[in-house]
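The values are calculated or read from the model by the stated rules, or taken from the named source; none is laboratory data. Just so we're clear, the structure is a prediction, and the values are computed from it rather than from any experiment. For neighbour counting, all protein chains shown are included, and Cβ atoms are generated from backbone atoms with ideal geometry for every residue, glycine included. When the accessible area is computed, the model is the full protein with side chains, heavy atoms only, and any ligands, DNA or RNA have been set aside. Shrake-Rupley method; radii C 1.70, N 1.55, O 1.52, S 1.80 Å.
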Amino acid sequence: QVQLVESGGGLVQPGGSLRLSCAASGIIFSINAMGWYRQAPGKERELVAAIGTGRSTYYTESVKGRFTISRDNAKNTVYLQMNSLKPEDTAVYYCYLETGRRYWGQGTQVSVSS
């Protein structure tokens, strides 16, 4: 059984930074991709960023230039560095891992407010 444990969420003022971490444990033979979705109240879950096996990355347009996704393969951990945060980044952030099927973390709240 694969488990994903997220950390790093919290409350930050506009313009501030947060770093999310997601560590995977369990029997993992190979990872195709890891990434982050978010869901704000009343909105659909959206893909924020993803990183593939070849370090290829994807960012949704609204976070380009502000968020950076990275991955430590030795630790089966994915990170999301979030800079210049805006109130519209407020959401629950979920990490995922794909190994042929998709696994999800429990979610971590990010709140951006003055």
Under unit Cβ charges (Lys, Arg +1; Asp, Glu -1), what dipole magnitude, rounded to 20 debye, does the stretch 18-73 have relative to its Cα centre?
140
For the stretch 21-109, state which chymotrypsin sites (Phe, Trp or Tyr not before Pro) are in a DSSP loop and have at most 16 other beta carbons lying within 10 Å of their beta carbon.
F29
Under a plain spin-label model, where a point goes 7 Å from the Cα along Cα-to-Cβ, how far apart in nm are S84 and A40?
1.7
At 1.4 Å probe size, with the rest of the protein present, what percent of the exposed accessible area of the stretch 71-114 is carbon and sulfur atoms?
42
What spacing in nm lies between the two simple spin-label points modelled at Q1 and T68, each 7 Å away from Cα in the Cβ direction?
3.6
If you filter the stretch 1-104 for trypsin sites (Lys or Arg not before Pro), then keep DSSP loop positions with at most 15 other Cβ within 10 Å, what is left?
K43, R45, R55, K64, R66, R101
Here the net charge surrounding L97, from other residues whose Cβ is less than 12 Å away from its Cβ (Lys, Arg +1; Asp, Glu -1), is +1
Dipole moment magnitude, nearest 20 debye, the chain about Cα centre, only Lys, Arg, Asp, Glu C-beta charged:
140
Determine which residues of the stretch 2-34 fall in the zone a paramagnetic label at T53 would reach in this model, i.e. backbone nitrogen under 16 Å from the point 7 Å along Cα→Cβ.
28-34
Rule-of-thumb check for the stretch 15-114: C-alpha Rg over 2.2 N^0.38 Å?
1.04
Are there GluC sites (Glu not before Pro) in the stretch 9-114 that DSSP puts in a loop and that have at most 12 other Cβ atoms within 10 Å, and which ones?
E44
